[in-house]
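Chemist: Handing you a structure now.
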Amino acid sequence: MKKLLAYFFVVTNFAFAEAQTYKEWVHKADSCYTAENYKLSVAYYTKAFKIEQKSYSDFYNAGCSASKAEENKKAFKWLNLSIDKGYENMAHIQIDQDLKRLHSEKEWKKTIDKLQKKLDIIGANYDKALEKELALIYAEDQEIRGEFMNIYKTSNPDKKKLDSIGKIMGTKDSINLIKVMKILDERGWLGKNVVGSQGNKTLFLVIQHADLKYQQKYLPMMREAVVNGNADPGNLAYLEDRVALREGKKQIYGSQSSKNKKTNKICIAPMIDPDNVDKRRAEVGLGTMAEYAAKLNIEWNLEAYKKELAESEKLENSKK
(Lines give C-alpha, C1' and ligand atoms only; values in the text may rest on other atoms or scores of the structure.)
Protein backbone atom coordinates (compact mmCIF):
# COMPACT_ATOMS: atom_id res chain seq x y z
CA MET A 1 0.00 0.00 0.00
CA LYS A 2 2.82 2.38 0.86
CA LYS A 3 4.47 1.61 -2.46
CA LEU A 4 1.23 2.34 -4.29
CA LEU A 5 0.80 5.64 -2.46
CA ALA A 6 4.39 6.58 -3.22
CA TYR A 7 3.87 5.80 -6.89
CA PHE A 8 0.63 7.84 -6.91
CA PHE A 9 2.46 10.79 -5.35
CA VAL A 10 5.18 10.69 -8.02
CA VAL A 11 2.68 10.41 -10.88
CA THR A 12 0.45 13.24 -9.65
CA ASN A 13 3.42 15.50 -9.00
CA PHE A 14 4.65 14.83 -12.54
CA ALA A 15 1.17 15.64 -13.89
CA PHE A 16 1.12 18.96 -12.04
CA ALA A 17 4.61 19.74 -13.31
CA GLU A 18 3.43 19.12 -16.87
CA ALA A 19 0.24 21.19 -16.51
CA GLN A 20 0.11 24.23 -18.78
CA THR A 21 -2.40 27.04 -19.13
CA TYR A 22 -4.19 27.82 -22.39
CA LYS A 23 -1.98 30.86 -22.99
CA GLU A 24 1.18 28.84 -22.32
CA TRP A 25 0.21 26.19 -24.88
CA VAL A 26 -0.62 28.89 -27.46
CA HIS A 27 2.68 30.62 -26.70
CA LYS A 28 4.52 27.34 -27.36
CA ALA A 29 2.50 26.81 -30.55
CA ASP A 30 3.31 30.30 -31.83
CA SER A 31 7.00 29.85 -31.03
CA CYS A 32 7.07 26.57 -32.94
CA TYR A 33 5.33 28.18 -35.90
CA THR A 34 7.98 30.94 -35.96
CA ALA A 35 10.69 28.25 -35.80
CA GLU A 36 8.92 26.47 -38.72
CA ASN A 37 8.26 23.38 -36.59
CA TYR A 38 4.67 23.14 -37.79
CA LYS A 39 3.95 19.59 -36.56
CA LEU A 40 4.84 20.53 -32.99
CA SER A 41 2.88 23.78 -33.33
CA VAL A 42 -0.21 21.74 -34.26
CA ALA A 43 0.35 19.45 -31.26
CA TYR A 44 0.51 22.43 -28.89
CA TYR A 45 -2.58 24.06 -30.40
CA THR A 46 -4.42 20.76 -29.95
CA LYS A 47 -3.55 20.80 -26.24
CA ALA A 48 -4.60 24.46 -25.95
CA PHE A 49 -8.02 23.83 -27.51
CA LYS A 50 -8.74 21.06 -25.02
CA ILE A 51 -8.69 23.79 -22.38
CA GLU A 52 -10.43 26.67 -24.19
CA GLN A 53 -12.11 27.39 -27.53
CA LYS A 54 -12.85 31.12 -27.71
CA SER A 55 -10.29 33.00 -29.81
CA TYR A 56 -10.95 33.17 -33.54
CA SER A 57 -7.41 34.44 -34.12
CA ASP A 58 -5.89 31.44 -32.32
CA PHE A 59 -8.05 29.07 -34.36
CA TYR A 60 -7.02 30.85 -37.55
CA ASN A 61 -3.31 30.68 -36.65
CA ALA A 62 -3.74 27.03 -35.75
CA GLY A 63 -5.29 26.43 -39.18
CA CYS A 64 -2.22 28.00 -40.76
CA SER A 65 0.11 25.74 -38.77
CA ALA A 66 -1.94 22.68 -39.70
CA SER A 67 -1.85 23.65 -43.37
CA LYS A 68 1.94 24.04 -43.27
CA ALA A 69 2.18 20.69 -41.46
CA GLU A 70 0.05 19.14 -44.25
CA GLU A 71 -2.66 18.19 -41.78
CA ASN A 72 -5.55 19.31 -43.96
CA LYS A 73 -8.38 17.89 -41.89
CA LYS A 74 -7.31 19.83 -38.82
CA ALA A 75 -6.60 22.92 -40.91
CA PHE A 76 -10.16 23.06 -42.24
CA LYS A 77 -11.66 22.20 -38.87
CA TRP A 78 -9.82 25.06 -37.18
CA LEU A 79 -10.46 27.55 -40.00
CA ASN A 80 -14.18 26.82 -39.81
CA LEU A 81 -14.13 27.21 -36.03
CA SER A 82 -12.33 30.52 -36.52
CA ILE A 83 -15.18 31.69 -38.76
CA ASP A 84 -17.71 30.51 -36.17
CA LYS A 85 -15.91 32.45 -33.43
CA GLY A 86 -15.72 35.74 -35.34
CA TYR A 87 -13.18 35.67 -38.20
CA GLU A 88 -14.26 38.05 -41.00
CA ASN A 89 -11.24 38.86 -43.19
CA MET A 90 -12.03 37.45 -46.63
CA ALA A 91 -9.19 39.28 -48.41
CA HIS A 92 -6.60 37.95 -46.00
CA ILE A 93 -7.66 34.30 -45.98
CA GLN A 94 -7.55 34.26 -49.79
CA ILE A 95 -4.00 35.63 -50.08
CA ASP A 96 -2.48 33.97 -47.01
CA GLN A 97 0.51 31.97 -48.27
CA ASP A 98 0.21 29.55 -45.35
CA LEU A 99 -3.13 28.36 -46.75
CA LYS A 100 -2.25 28.34 -50.44
CA ARG A 101 -1.82 24.56 -50.59
CA LEU A 102 -5.43 24.14 -49.39
CA HIS A 103 -6.92 25.97 -52.38
CA SER A 104 -7.04 22.83 -54.53
CA GLU A 105 -9.05 20.91 -51.92
CA LYS A 106 -12.85 20.61 -52.24
CA GLU A 107 -13.21 21.73 -48.64
CA TRP A 108 -11.62 25.08 -49.48
CA LYS A 109 -14.61 26.30 -51.52
CA LYS A 110 -16.97 25.20 -48.75
CA THR A 111 -14.95 27.17 -46.20
CA ILE A 112 -14.85 30.29 -48.37
CA ASP A 113 -18.58 30.00 -49.13
CA LYS A 114 -19.29 29.69 -45.41
CA LEU A 115 -17.32 32.86 -44.69
CA GLN A 116 -18.98 34.72 -47.58
CA LYS A 117 -22.49 33.82 -46.34
CA LYS A 118 -21.55 35.10 -42.91
CA LEU A 119 -20.18 38.34 -44.38
CA ASP A 120 -23.30 38.83 -46.54
CA ILE A 121 -25.45 38.73 -43.40
CA ILE A 122 -23.17 40.95 -41.33
CA GLY A 123 -22.60 43.43 -44.15
CA ALA A 124 -26.17 43.86 -45.33
CA ASN A 125 -26.00 47.60 -44.60
CA TYR A 126 -22.35 48.25 -45.50
CA ASP A 127 -21.27 50.67 -48.21
CA LYS A 128 -20.69 47.85 -50.70
CA ALA A 129 -18.69 49.81 -53.27
CA LEU A 130 -16.33 51.20 -50.65
CA GLU A 131 -16.03 47.84 -48.90
CA LYS A 132 -15.00 46.25 -52.22
CA GLU A 133 -12.48 49.03 -52.94
CA LEU A 134 -10.88 48.62 -49.52
CA ALA A 135 -10.74 44.84 -49.95
CA LEU A 136 -8.71 45.30 -53.13
CA ILE A 137 -6.43 47.80 -51.37
CA TYR A 138 -5.94 45.34 -48.49
CA ALA A 139 -4.92 42.59 -50.91
CA GLU A 140 -2.47 44.95 -52.68
CA ASP A 141 -0.96 46.01 -49.35
CA GLN A 142 -0.59 42.57 -47.80
CA GLU A 143 0.18 40.32 -50.78
CA ILE A 144 3.36 42.19 -51.78
CA ARG A 145 4.52 42.16 -48.15
CA GLY A 146 3.94 38.43 -48.04
CA GLU A 147 6.19 37.99 -51.08
CA PHE A 148 8.84 40.19 -49.49
CA MET A 149 8.81 38.26 -46.20
CA ASN A 150 8.97 34.87 -47.95
CA ILE A 151 12.32 35.90 -49.44
CA TYR A 152 13.52 37.85 -46.38
CA LYS A 153 13.02 34.84 -44.08
CA THR A 154 15.22 32.52 -46.16
CA SER A 155 18.68 31.63 -44.86
CA ASN A 156 20.39 33.60 -47.63
CA PRO A 157 17.91 36.20 -48.97
CA ASP A 158 18.47 37.48 -52.50
CA LYS A 159 19.16 41.22 -52.11
CA LYS A 160 18.30 42.00 -55.73
CA LYS A 161 14.90 40.35 -55.36
CA LEU A 162 14.26 42.17 -52.09
CA ASP A 163 15.18 45.50 -53.67
CA SER A 164 12.97 44.78 -56.68
CA ILE A 165 9.98 43.83 -54.52
CA GLY A 166 10.69 46.81 -52.29
CA LYS A 167 10.34 49.18 -55.25
CA ILE A 168 7.07 47.54 -56.31
CA MET A 169 5.85 47.79 -52.72
CA GLY A 170 6.67 51.50 -52.63
CA THR A 171 4.71 52.12 -55.83
CA LYS A 172 1.69 50.17 -54.59
CA ASP A 173 1.81 51.96 -51.23
CA SER A 174 1.81 55.37 -52.96
CA ILE A 175 -1.24 54.48 -55.06
CA ASN A 176 -3.10 53.00 -52.09
CA LEU A 177 -2.30 56.04 -49.97
CA ILE A 178 -3.88 58.39 -52.53
CA LYS A 179 -7.06 56.28 -52.49
CA VAL A 180 -7.25 56.05 -48.69
CA MET A 181 -6.48 59.74 -48.18
CA LYS A 182 -9.42 60.58 -50.45
CA ILE A 183 -11.71 58.41 -48.32
CA LEU A 184 -10.42 59.87 -45.04
CA ASP A 185 -10.54 63.48 -46.24
CA GLU A 186 -14.06 63.17 -47.65
CA ARG A 187 -15.72 60.83 -45.14
CA GLY A 188 -13.48 60.61 -42.09
CA TRP A 189 -12.31 57.40 -40.38
CA LEU A 190 -15.11 55.01 -41.27
CA GLY A 191 -16.05 52.35 -38.72
CA LYS A 192 -16.66 48.67 -39.32
CA ASN A 193 -20.40 49.39 -39.32
CA VAL A 194 -19.85 51.11 -42.68
CA VAL A 195 -16.99 49.18 -44.35
CA GLY A 196 -16.64 46.04 -42.22
CA SER A 197 -13.78 45.08 -39.92
CA GLN A 198 -11.47 44.29 -42.86
CA GLY A 199 -12.13 47.64 -44.54
CA ASN A 200 -11.69 49.45 -41.25
CA LYS A 201 -8.33 47.76 -40.69
CA THR A 202 -7.25 48.61 -44.23
CA LEU A 203 -7.47 52.33 -43.43
CA PHE A 204 -5.03 51.77 -40.59
CA LEU A 205 -2.65 49.56 -42.58
CA VAL A 206 -2.22 52.04 -45.41
CA ILE A 207 -1.50 54.92 -43.01
CA GLN A 208 0.80 52.67 -40.96
CA HIS A 209 2.86 52.03 -44.09
CA ALA A 210 2.91 55.69 -45.19
CA ASP A 211 5.60 58.34 -44.70
CA LEU A 212 5.78 60.15 -41.37
CA LYS A 213 4.07 63.35 -42.55
CA TYR A 214 0.95 61.41 -43.50
CA GLN A 215 0.98 59.42 -40.28
CA GLN A 216 1.21 62.68 -38.32
CA LYS A 217 -1.68 64.12 -40.34
CA TYR A 218 -4.08 61.24 -39.72
CA LEU A 219 -3.01 60.17 -36.21
CA PRO A 220 -5.36 62.70 -34.52
CA MET A 221 -8.22 61.46 -36.74
CA MET A 222 -7.57 57.86 -35.73
CA ARG A 223 -7.40 58.84 -32.04
CA GLU A 224 -10.82 60.42 -32.35
CA ALA A 225 -12.11 57.38 -34.23
CA VAL A 226 -11.03 55.11 -31.34
CA VAL A 227 -12.90 57.35 -28.87
CA ASN A 228 -16.00 57.09 -31.09
CA GLY A 229 -15.65 53.31 -31.52
CA ASN A 230 -14.72 53.56 -35.19
CA ALA A 231 -11.14 52.26 -34.95
CA ASP A 232 -9.33 49.56 -33.02
CA PRO A 233 -7.30 50.75 -29.97
CA GLY A 234 -4.69 48.06 -30.63
CA ASN A 235 -4.13 49.31 -34.17
CA LEU A 236 -3.85 52.87 -32.87
CA ALA A 237 -1.16 51.68 -30.43
CA TYR A 238 0.94 50.46 -33.37
CA LEU A 239 0.58 53.80 -35.15
CA GLU A 240 1.38 55.75 -31.97
CA ASP A 241 4.58 53.71 -31.54
CA ARG A 242 5.70 54.06 -35.13
CA VAL A 243 5.18 57.82 -35.14
CA ALA A 244 6.94 58.24 -31.79
CA LEU A 245 10.04 56.37 -32.99
CA ARG A 246 10.13 58.26 -36.28
CA GLU A 247 9.98 61.50 -34.32
CA GLY A 248 13.02 60.41 -32.29
CA LYS A 249 11.02 59.54 -29.18
CA LYS A 250 10.49 56.24 -27.35
CA GLN A 251 7.54 54.03 -28.17
CA ILE A 252 4.74 53.45 -25.67
CA TYR A 253 3.42 49.94 -26.29
CA GLY A 254 6.50 48.03 -27.45
CA SER A 255 4.94 47.14 -30.80
CA GLN A 256 7.94 48.09 -32.94
CA SER A 257 11.17 46.16 -33.34
CA SER A 258 14.63 47.22 -34.53
CA LYS A 259 18.10 45.76 -35.04
CA ASN A 260 20.56 45.75 -32.16
CA LYS A 261 23.63 47.61 -33.45
CA LYS A 262 26.00 45.37 -31.50
CA THR A 263 24.53 41.95 -32.15
CA ASN A 264 22.65 42.76 -35.41
CA LYS A 265 19.71 40.79 -33.99
CA ILE A 266 16.06 41.84 -33.97
CA CYS A 267 15.04 43.41 -30.66
CA ILE A 268 12.23 45.53 -29.22
CA ALA A 269 12.86 49.21 -30.00
CA PRO A 270 13.30 51.65 -27.08
CA MET A 271 10.16 52.29 -25.04
CA ILE A 272 9.09 54.40 -22.10
CA ASP A 273 8.55 52.81 -18.66
CA PRO A 274 9.16 49.13 -19.61
CA ASP A 275 8.00 47.97 -16.14
CA ASN A 276 4.39 48.90 -16.93
CA VAL A 277 4.26 48.09 -20.65
CA ASP A 278 2.04 45.02 -20.15
CA LYS A 279 -0.47 47.16 -18.28
CA ARG A 280 -0.55 49.68 -21.14
CA ARG A 281 -0.85 46.90 -23.70
CA ALA A 282 -3.75 45.31 -21.82
CA GLU A 283 -5.60 48.65 -21.83
CA VAL A 284 -5.66 48.63 -25.66
CA GLY A 285 -6.37 44.92 -26.05
CA LEU A 286 -2.86 43.72 -26.86
CA GLY A 287 -1.25 40.61 -25.35
CA THR A 288 1.80 40.66 -23.11
CA MET A 289 5.27 41.59 -24.31
CA ALA A 290 6.39 38.00 -23.79
CA GLU A 291 3.64 36.75 -26.10
CA TYR A 292 4.36 39.40 -28.71
CA ALA A 293 8.13 38.89 -28.59
CA ALA A 294 7.67 35.14 -29.11
CA LYS A 295 5.88 35.84 -32.40
CA LEU A 296 8.95 37.81 -33.49
CA ASN A 297 11.18 34.95 -32.32
CA ILE A 298 12.60 37.22 -29.60
CA GLU A 299 13.10 36.09 -26.02
CA TRP A 300 11.58 38.74 -23.73
CA ASN A 301 13.48 39.42 -20.52
CA LEU A 302 12.39 42.65 -18.85
CA GLU A 303 15.48 43.14 -16.70
CA ALA A 304 17.85 42.39 -19.58
CA TYR A 305 15.88 44.79 -21.81
CA LYS A 306 16.12 47.60 -19.24
CA LYS A 307 19.85 47.01 -18.87
CA GLU A 308 20.41 47.10 -22.65
CA LEU A 309 18.22 50.21 -22.92
CA ALA A 310 20.25 52.00 -20.25
CA GLU A 311 23.53 51.05 -21.93
CA SER A 312 22.25 52.23 -25.30
CA GLU A 313 21.12 55.57 -23.87
CA LYS A 314 24.47 56.01 -22.12
CA LEU A 315 26.26 55.39 -25.42
CA GLU A 316 24.02 57.83 -27.29
CA ASN A 317 24.55 60.52 -24.63
CA SER A 318 28.33 60.10 -24.80
CA LYS A 319 28.24 60.91 -28.51
CA LYS A 320 26.49 64.22 -27.98
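Chemist: So how much slack lies between Q97 and L162, counting 0.36 nm per residue of separation and subtracting their Cα-Cα distance, in nm? Walk me through the intermediate numbers first.
Modeler: Working: separation 65, 0.36 × 65 = 23.40 nm, distance 1.75 nm.
Length difference between fully extended and current span is 21.6 nm.
Chemist: If you don't mind, another one. With the chain treated as a Gaussian network of Cα nodes joined by springs under 10 Å, which of T202, T288, T154 yields the largest mean-square fluctuation?
Modeler: The residue with the greatest mean-square fluctuation here is T154.
Chemist: Still on this structure: If one computes P(r) from the Cα atoms of segment 90-208, what percent of pairs lie at distances over 20 Å?
Modeler: Working: 3612 of 7021 pairs.
That tail contains 51 percent of the Cα-Cα pairs.
Chemist: Relative to the compact globular guide of 2.2 N^0.38 Å, what is the alpha carbon radius of gyration of segment 200-320, as a ratio?
Modeler: Working: Rg = 15.0 Å, N = 121, 2.2 N^0.38 = 13.6 Å.
Expressed relative to 2.2 N^0.38 Å, the Cα Rg reads 1.10.
Chemist: To continue, here is another question. Report the one residue of N37, S257, L286 whose Cα lies farthest in the direction of the positive end of the charge dipole of the chain (charges on C-beta: Lys and Arg +1, Asp and Glu -1; origin at the Cα centre).
Modeler: The residue sitting farthest along the positive end of the dipole is N37.
Chemist: Let me ask another. I want to check the label-to-label distance for N297 and E107. Put each point 7 Å from Cα in the C-beta direction and report it in nm to one decimal.
Modeler: My value for the distance between the label points is 2.8 nm.
Chemist: Between Rg and the Kirkwood Rh of segment 21-105, both from Cα atoms, what is the Rg to Rh ratio? Mind showing how you got there, number by number?
Modeler: Details: Rg = 11.7 Å, Rh = 12.5 Å.
My calculation puts Rg/Rh at 0.94.
Chemist: How big is segment 29-78 on each of its three principal axes, counting only the C-alpha atoms and giving the largest first in Å?
Modeler: If we take the Cα atoms of segment 29-78, the spans are 25, 21, 16 Å.
Chemist: With runs of 4+ DSSP H residues as the only contributors, calculate the mean residue ellipticity of the chain at 222 nm using -39,500 (n - 2.57) per run, divided by the residue total and rounded to the nearest 500. Write down the numbers at each step before the final one.
Modeler: Numbers: 15 runs with 225 residues, N = 320.
Taking each H run of at least 4 residues, the total per residue is -23000 deg cm²/dmol.
Chemist: Once a ≥ b ≥ c are taken as the square roots of the eigenvalues of the Cα gyration tensor of segment 165-261, is the result rounded (a/c under 1.5), prolate (a/b larger than b/c) or oblate (a/b not larger than b/c)?
Modeler: Working: a/c = 1.89, a/b = 1.23, b/c = 1.53.
Oblate.
Chemist: Hey, another quick one. Using the Kirkwood formula over every pair of different C-alpha atoms, what hydrodynamic radius in Å results for segment 256-320? Please list the in-between numbers first.
Modeler: On the way: mean 1/r = 0.0787 Å⁻¹.
By the Kirkwood definition, the hydrodynamic radius is 12.7 Å.
Chemist: Heavy atoms only, probe 1.4 Å: what % of the accessible area of segment 198-320 goes to carbon and sulfur, would you let me know? Intermediate results must be reported in sequence, preceding the final value.
Modeler: Details: 3390 of 6900 Å².
After summing per-atom areas, the C and S share lands at 49 percent.
Chemist: Grab the eigenvalues of the alpha-carbon gyration tensor for the chain, scale each by 5, take roots, and send me the semi-axes largest first in whole angstrom.
Modeler: Details: eigenvalues 232, 172, 82 Å².
For the chain, the semi-axes come out at 34, 29, 20 Å.
Chemist: Next question, about the same structure. If contacts are Cα pairs under 8 angstrom and at least 6 residues apart, what is the relative contact order of the chain in percent? Numbers along the way, then the final one.
Modeler: Numbers: 329 pairs, mean separation 35.8, N = 320.
Relative CO of the chain lands at 11 percent.
Chemist: Calculate the FRET efficiency for E52 and K259 from the Cβ-Cβ distance with a Förster distance of 35 Å, rounded to the nearest 0.05. It would help to have the intermediate numbers written out before the result.
Modeler: Values: r = 36 Å, r/R0 = 1.03.
For R0 = 35 Å, the calculated efficiency reads 0.45.
The values are calculated or read from the model by the stated rules, or taken from the named source; none is laboratory data. What you see is a predicted model; the values in this text were computed from it and never measured. Don't worry about glycine lacking a Cβ; one is built from the backbone with ideal geometry, like all the others, and counts go over all protein chains shown. For the accessible areas, the whole protein counts, side chains as well, though only heavy atoms, and no ligand, DNA or RNA atoms are used. Shrake-Rupley method; radii C 1.70, N 1.55, O 1.52, S 1.80 Å.
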